[in-house]
1. Over the range 259-368, average the accessible area per residue using a 1.4 Å probe and give it in Å², no decimals.
2. Residues of the range 474-488 with backbone nitrogen within less than 20 Å of a virtual label 7 Å along the Cα-to-Cβ line of residue 362, please, listed as ranges.
3. If you keep only loop residues by DSSP, which trypsin sites (Lys or Arg not before Pro) in the range 314-377 have at most 11 other Cβ atoms within 10 Å of their Cβ?
4. What 222 nm value per residue comes from the helices of the chain, counting each DSSP H run with n ≥ 4 as -39,500 (n - 2.57) and dividing by all residues, nearest 500 deg cm²/dmol?
5. Among 336, 563, 257, pick out the residue whose Cα is farthest towards the positive end of the charge dipole of the chain, where Lys and Arg carry +1 and Asp and Glu carry -1 on C-beta, about the Cα centre.
6. Shape call for the range 340-393 from the C-alpha gyration tensor, a ≥ b ≥ c root eigenvalues: rounded (a/c under 1.5), prolate (a/b greater than b/c) or oblate?
7. Determine the principal axes of the Cα atoms in the range 296-433, then give the extent along each, sorted from largest to smallest and rounded to whole angstroms.
8. Among the listed pairs 78/247; 66/102; 193/275; 98/132; 76/135, which have their C-alpha atoms separated by more than 30 angstrom in this model?
Amino acid sequence: MGNCCSDVAGGQSAVGGTGLNQGNQPNAPNEAVDAFLKSRGYQGLYSQIELSLSATSLRDRDLLSKSDPMAVLYSKEKDGSLKELTRTEVVLNSLNPKWITKYTMAYYFETVQNLVFRVYDIDTQFHNQDVKMLKLEEQDFLGEASCTLAQIVTKSDRSLTMDLVCGEQFSGQAHARKFGKLTIFAEESISSKTTVELKLRCSELESKDLFSKSDPFLVVSKTTESGIVVPICKTEVMKNDHSPTWKPVFLKIQQIGSKENPLIIECYDFNSNGKHSLIGKIQKSLLDLEKLHSAGTGANLFIPTAMGPKQENKVLKSQLFVESYSEKIQYTFLDYLAFGYELNFMVALDFTASNGNPRLPDSLHYIDPSGRPNAYQRAILDVGEVLQFYDSDKRFPAWGFGARPIDGPVSHCFNLNGSSTYCEVEGMQGIMMAYISALHNVSLAGPTLFGPVITSAAHIASQSLTNSEQKYFVLLIITDGVITDLQETKDALVQAADLPLSILIVGVGGADFKEMEILDADKGERLESTTGRVAVRDIVQFVPLRDVQNGDISVVQSLLAELPSQLLEYMRFRKIQPTL
């Protein structure tokens with residue numbers, strides 16, 4: 001940076017961030033190939049956010065002039081340690097600095113991104129040093145503020161103002177004292193929203209199945225600078241079709257880099273075991289695809305016949321056509337948050353007898369005196385920790401199912417707080433307290449029915465929709481076993497798909513969760529009701545806790561990564577546009 005000082009008291013430089021929102025289809029794409037894509041590096045929706053900092057009423061630590069402040073931004077890791085991300089320039093002689101230096105970071109909905117901001121007064125003797133070389137312990141500390149990135153981006157103006165404090169760690173005092181205010185402004189670049197909408201079709205695809213036609217789907221990927229091929233979007237699966245036309249897919253130009261960068265489009269035959277067969281592939285840039293559309297011509301797929309430096313390709317009779325090509329500005333998940341939309345968290349817990357006696361250590365409901373959370377508590381905390389930042393009143397509906405209240409029949413949807421009139425609890429602590437209380441006040445029974453709790457959640461979402469509230473609901477169901485009302489659950493889900501609602505299911509214990517995978521449309525087929533009505537979109541995400549608790553990816557990330565995409569699907573389905 002050279003000289004680290006600036007005598008500019010204000011000014012914000014609109015350094016463009018790069019929006020990397022993953023492609024989403026507009027009309028309810030199924031999730032048939034999500035696991036396949038994730039195994040190859042595909043992640044959920046995310047955006048690049050540019051942070052700008054300013055402060056007011058800072059402490060004056062200089063005798064003959066005002067302070068010369070510099071801000072330092074840290075991320076707070078899970079172990080509590082701080083990782084320095086960036087330093088601003090030094091603003092000379094100012095107690096109300098507006099720093100020009102910006103910091104661009106990726107916003108991930110599915111994780112809690114804790115940030116810490118510290119402000120220092122830089123001594124005159126260090127003004128000619130690069131800010132990266134400054135030793136912070138040699139500077140005067142002016143104050144600290146901390147928040148999550150979610151707390152910033154959920155504000156209607158994406159601006160958060162916090163008190164700068166000097167606590168015990170820095171001042172030796174027992175209580176934090178306030179020393180001015182720090183404002184953080186988050187901006188998602190307009191250019192990050194420029195989207196290409198493609199409608200693709202293929203002709204004369206080869207059959208990969210012995211007794212039927214192929215079930216083709218497309219995967220669109222880009223190649224990184226290091227040569228790694230990373231999927232960025234996919235189509236739905238078309239059953240028994242050798243000349244399929246898929247629903248439109250969306251590609252962010254900033255995500256790709258430019259319209260000239262090559263894309264790899266692969267056509268696979270879907271297999272329920274996850275081992276999808278490559279039918280053919282093609283490499284084209286967006287410019288190439290635009291030309292194909294303009295000319296109305298197709299391009300032949302090929303399939304590699306040899307690997308290594310002497311790789312050869314076999315050109316196939318199959319062709320790819322671009323039915324439609326258009327560029328437009330697409331609204332993002334963050335746009336809807338700025339518009340005032342909230343995510344409202346709801347939870348339903350399985351109290352069936354298969355969980356085991358809660359008084360015994362081998363029970364899934366056992367409350368460990370040491371404070372170690374059981375599987376239910378861990379899932380509640382992990383999911384709620386993320387969603388609570390998107391729910392302003394933090395009043396969460398909470399239910400139990402499959403238990404017998406004292407002197408009563410088995411209930412398949414009872415209020416976790418014990419009330420007969422209302423279902424809400426206050427905050428995450430309220431859920432945990434109501435859960436523990438319920439364990440002492442009900443007898444575990446059965447069977448395992450999902451229909452009643454889904455219907456209760458759908459009723460709340462339907463009322464909100466009727467009242468034109470800007471809310472999207474997320475129901476977390478935690479269960480240990482196989483449901484016995486599969487068709488009734490399907491009926492409830494088909495109806496709920498019309499509503500602002502997503503359902504997350506966490507499987508705990510060692511049961512066979514095959515039915516849950518069916519609810520998650522894992523076979524590429526939409527759920528169908530008893531009357532033959534097909535769900536307009538997939539609203540269920542399922543994950544067995546045992547599959548992720550010991551791995552690199554957390555249950556939170558597995559469940560939550562698709563939520564922003566589901567919200568956007570719903571908004572497009574309802575034709576709701578944010579007024580910004």
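1. Details: 5190 Å² over 110 residues.
Each residue of the range 259-368 exposes 47 Å² on average to a 1.4 Å probe.
2. Flagged as within label range: 480-482.
3. Values: sites: 314, 317, 328, 359; in loops: 359.
Hits after loop and neighbour filter: 359.
4. Numbers: 14 runs with 117 residues, N = 580.
So the calculated ellipticity at 222 nm is -5500 deg cm²/dmol.
5. Final value for the positive-end residue is 257.
6. Working: a/c = 4.44, a/b = 2.23, b/c = 1.99.
Because a/c hits 1.5 or more and a/b exceeds b/c, the range 340-393 counts as prolate.
7. 72, 42, 33
8. Numbers: 78/247 41 Å; 66/102 23 Å; 193/275 34 Å; 98/132 19 Å; 76/135 20 Å.
Result: 78/247; 193/275 exceed 30 Å.
The values are calculated or read from the model by the stated rules, or taken from the named source; none is laboratory data. Computed from a predicted model, the values in this text were never measured in an experiment. All Cβ positions, glycine included, derive from the backbone under ideal geometry; neighbour counts span all protein chains shown. Quick note on the areas: whole protein, heavy atoms, side chains included, nothing else; ligands and nucleic acids left out. Shrake-Rupley method; radii C 1.70, N 1.55, O 1.52, S 1.80 Å.
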